[in-house]
Each structure stands twice: as C-alpha cells, then as structure tokens.
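Down below is the structure, laid out as structure tokens.
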Amino acid sequence: MSTSVKVMLSYDYCHFEIVKGTDQELTNEQINSMRKDVQRLADEAVRQYKVAKERSLKLTSYEKKNFDRRVQEIQEKPENLRTIEETAMLKQYNDAEWQKQFEEYGYEDEDERQW
C-alpha cells in the first residue's frame, strides 16, 4: 500500500503544491507527521515567495531592464519548471502591468460622472 500527502496553498493568486509519498505502510500518526512536514514545506515556499517579491519591488532602472529581460525568459519556461523566485518575479511583473492598465483606464472618472 502506498501513501501520499498533498498540500496546496494559494497566496497572492499564486498556487503552491507540495506532494510527498511513500510505498511503506504507515500508521495514522506517521501519515499526520508526513502531512505536517509537507505543510511546513508549503509554508516555506510562501515565505520565500514573499521575500523574492519584496526584493523585486526595490529595483533601480538598470536592474529594471535586467528584470524585464529575466521575466521574458521566465515566461518562456513551462510553469512547472519555474522556481519560487521566478514565480514571484513573474507575479510582480504582472501586478505592475495590471496596475498600469488600471491607471491608464481611469476608473475614477466613472465615479465622477453626472448621470
């Protein structure tokens, strides 16, 4: 009998999935211990994502050009091969692009219209 444990977390519209398994027969206590290990790994992935995203916010213009080039490389990679840092960089880039579009559209004008 095989046993596997999967933990899925969503944070900041990113999804982190950790799976751990074994072919050994385990007790419920051992399975629960394995689940806790997997949860710790998922929590660590989120922590690393937060650090990487925060780091990407503090870029100089030279670093921004390199960041844009790096994002382009990441976008060409299959999603399942991206590192946590790459996922955070891509999320930061997409958030910034969305914010630019939001600001360009001018939603605040709609609220000020006289009907």
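Observations
- In the range 57-73, the residues that are at pLDDT below 80, surrounded by 11 or more Cβ atoms within 10 Å (Cβ to Cβ) and either in contact with a Lys or Arg (Cβ under 9 Å, 6 or more places away or on another chain) or among the hydrophobic types (A, V, I, L, M, F, W, C) (or both): L59
- Candidates E44, E17 - the one that is assigned to a helix (DSSP H, G or I), of a type outside the set (S, T, N, Q) and without any contact (Cβ under 8 Å) to a residue 60 or more places away in the chain: E44
- Close pairs (8 angstrom Cβ cut-off, 6 or more residues apart or separate chains): in contact (Cβ under 8 Å) with a residue 24 or more places away in the chain in the range 66-78, surrounded by 10 or more Cβ atoms within 10 Å (Cβ to Cβ) anywhere: F67/S56; F67/L59; F67/M89; F67/Y93; D68/Y93
- Selection status of L26, surrounded by 12 or more Cβ atoms within 10 Å (Cβ to Cβ) and not in a helix (DSSP H, G or I): yes
- Matching option when the condition is touching a helix residue (DSSP H, G or I) at 6+ places or on another chain (Cβ under 6 Å) and assigned to a helix (DSSP H, G or I), among K53, K64: K53
- Verdict on S2 being of a type in the set (S, T, N, Q) and under 22 Å from the mean Cα position of the chain (by Cα): no
- Against the numbered list (1) surrounded by 11 or more Cβ atoms within 10 Å (Cβ to Cβ); (2) at pLDDT 90 or above, E76 comes up short only at (1).
The values are calculated or read from the model by the stated rules, or taken from the named source; none is laboratory data. All figures in this text were calculated on a predicted structure; none of them were measured in a lab. With ideal geometry, Cβ positions are generated from the backbone for all residues, glycine too; neighbour counts draw on all protein chains shown.
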